[in-house]
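Taken together, the values in this text are just the output of simple stated rules run on the coordinates, not laboratory data. The shown structure was predicted, so the numbers you read here are calculated from the model rather than taken from an experiment. Heads up, the Cβs are rebuilt from the backbone with ideal geometry, glycines too, and the neighbour counts pull from every protein chain shown.
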Amino acid sequence: MRQWVIREGASTLGDMMLRDVPEPQPGPGKVLVRVRACSLNYRDQLIPLGRYMGTTVSMDTVPLSDGAGEVVAVGSGVTGFKAGDRVAGSFFQNWIDGPPNPGAGPALGAPPAPGMLQDLVVLPEHGVVPLAQSLSFEEAACLPCAGVTAWNALMEGPQPLRAGESVLVLGSGGVSLLALQIAKAAGAQVIATSASDDKLARVSALGADKTVNYRTTPEWGLAAADLAGGGVDHVVEVGGAGTLKQSIAAVGFGGEIALIGVLTREGDTSPHGLMFKGASIRGIFVGSRGMAVRLNAFIDTHAIKPVVDRTFAMEHALDAYRYQASPDLFGKVVITL
């Protein structure tokens, strides 16, 4: 079978290779999944560049956390799945449900967990999730990281999104667009930002109620607060240190900033602006298997279709990485197997 590998100590995309290896077999409590589609996340850019968690990979590693396919075979003791079931991997293999905890276990696509960019993968029974029935493999492959992250940011935690509230999403990457779609389905008002008027037109077509061009409006946080009638209830903060100051300006009294951001590393991260509004920041690092199950049910109920920007064949995976890192990205990049 084919698999892509990030070689030990990798620091460039050139350190990745496509190779043939023997087909695996599922042991007790495991399922064998034939992968049909994978999607890329920002995290996946960092790993082959040797910048994920501040270090290079310590062993040859199959990349990508996000993949969908069908069960080929199951090992002894498996009762929840059978051959032919459509499934996706769960980002954290041991975080079944509940709040964040230190036992979440390995995350797919980085040592010591397997990755999904291979024809066949063996995962524990508790490490796979049934797909949303309404989605194709390509669409379902967009959810394990970006979709669960967006769901966690808006629908989990102490302040779940309620109909009539306001949501601010930053940019047009996978998490932001999925958050927009979830928020609109939940009955929220959505404000979206981008540096591109063309992309703002596209997010408006997806349902964004109001938009702000952050290039032409440097104080876009205050602008978003004004558009929300004085402050935003939920900010899906994907930008990081470089955008947090503006997100704090945008959030309203008693509001919440879901802090996902890793895209920028330099900026003002002082939380003092929250104090005067009684607002809070909640750290988001993807989510649990239970969150994935609840997300899939919501998607089926509301007929949400993840935005697939472009698809690439498996042999052209490096082109998929390059496009995903480009300013042209709008939504998700998918690799088909």
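Give a quick list of GluC sites (Glu not before Pro) in the stretch 232-337 that DSSP marks as loop, anything other than H, G, I, E or B, with at most 11 other Cβ atoms within 10 Å. Could you put the intermediate results ahead of the total?
Values: sites: GLU237, GLU256, GLU266, GLU315; in loops: GLU266.
Hits after loop and neighbour filter: GLU266.
Could you tell me which of LEU131, ALA192, SER172 has its Cα farthest along the dipole of the stretch 76-223 towards the positive end, charges placed at Cβ (Lys, Arg +1; Asp, Glu -1), taken about the Cα centre?
Farthest along the dipole direction, towards plus: ALA192.
With unit charges on the beta carbon (Lys/Arg positive, Asp/Glu negative), name the residue among MET314, VAL71, LEU337 whose Cα is farthest towards the positive pole of the charge dipole of the chain.
Value: VAL71.
Quick one: order THR61, THR56 by neighbouring beta-carbon count within 10 Å, fewest to most. Mind dumping the intermediate values first?
Values: THR61 23, THR56 19.
Fewest to most other Cβ atoms nearby, the residues stand as THR56, THR61.
Could you please rank ARG282, ARG215, ARG43, placing first whichever residue has the fewest other Cβ atoms within 10 Å of its Cβ? Before the final figure, lay out the partial values.
On the way: ARG282 18, ARG215 12, ARG43 21.
Least to most surrounded, the residues fall as ARG215, ARG282, ARG43.
Determine the dipole magnitude for the stretch 221-337: charges of +1 sit on the beta-carbon of Lys and Arg, -1 on that of Asp and Glu, nothing else is charged, the reference point is the Cα centre, and the result goes in debye to the nearest 20. Write out the running numbers ahead of the final one.
On the way: 10 positive and 11 negative charges, 53 e Å.
It works out to roughly 260 debye.
Which whole-number percentage describes the relative contact order of the chain, with Cα contacts under 8 Å and a sequence gap of 6 or more?
On the way: 846 pairs, mean separation 59.0, N = 337.
Result for the chain is 18 percent.
What size of dipole, in debye to the nearest 20, comes out for the chain about its Cα centre when the only charges are +1 on Lys and Arg C-beta atoms and -1 on Asp and Glu C-beta atoms? Please list the in-between numbers first.
Values: 26 positive and 31 negative charges, 37 e Å.
Value, rounded to 20: 180 debye.
For the stretch 1-84, with only Lys/Arg (+1) and Asp/Glu (-1) charged at the beta-carbon, what is the dipole magnitude about the Cα centre, in debye rounded to 20?
So the magnitude is around 180 debye.
When only alpha-carbon atoms are used, what values of Rg and Dmax, in angstrom, describe the stretch 157-283?
Looking at the stretch 157-283, its Cα Rg and Dmax stand at 13.0, 36 Å.
Per the helix-only calculation at 222 nm, which mean residue ellipticity applies to the chain, given -39500 (n - 2.57) for every DSSP H run of n ≥ 4 and division by its residues, nearest 500 deg cm²/dmol?
Calculated at 222 nm, the ellipticity per residue is -6500 deg cm²/dmol.
Place the peptides 326-333, 67-74 in order of packing, highest mean first, counting for every residue the other Cβ atoms within 10 Å and averaging per peptide.
Highest-to-lowest ranking by the protection proxy: 67-74, 326-333.
Regarding the chain, what is the average projected area of its C-alpha convex hull, in nm²? Don't jump to the answer; show the numbers that get you there.
Working: hull surface 63.6 nm².
One quarter of the hull surface, i.e. the mean projection, equals 15.9 nm².
Among 118-125, 14-21, what's the highest-first ranking by average C-beta atoms within 10 angstrom per residue?
Values: 118-125: 20.6, 14-21: 13.4.
Averaged packing, sorted descending, gives the order 118-125, 14-21.
Calculate how many DSSP beta bridges within the chain are antiparallel, expressed in % of all such bridges and rounded to the nearest 5.
Numbers: 31 of 59 bridges.
Of those bridges, close to 55 percent are antiparallel.
With the crude spin-label approximation of a point 7 Å out along Cα→Cβ, what separation in nm comes out for LYS82 versus ALA313?
Taking the simple label geometry, LYS82 and ALA313 are separated by 3.6 nm.
Between ILE96 and SER326, what's the calculated FRET efficiency when r is the beta-carbon distance and R0 is 25 Å? Round to 0.05. Intermediate results must be reported in sequence, preceding the final value.
Details: r = 36 Å, r/R0 = 1.46.
Using R0 = 25 Å, I get an efficiency of 0.10.
Calculate the spin-label point distance for LYS277 paired with SER204, positioning each point 7 Å from the Cα along the beta-carbon direction, and give it in nanometres.
2.5 nm
What is the distance, in nm, between label points placed 7 Å from the Cα along the Cα-to-Cβ direction at ARG7 and at PHE285?
3.0 nm
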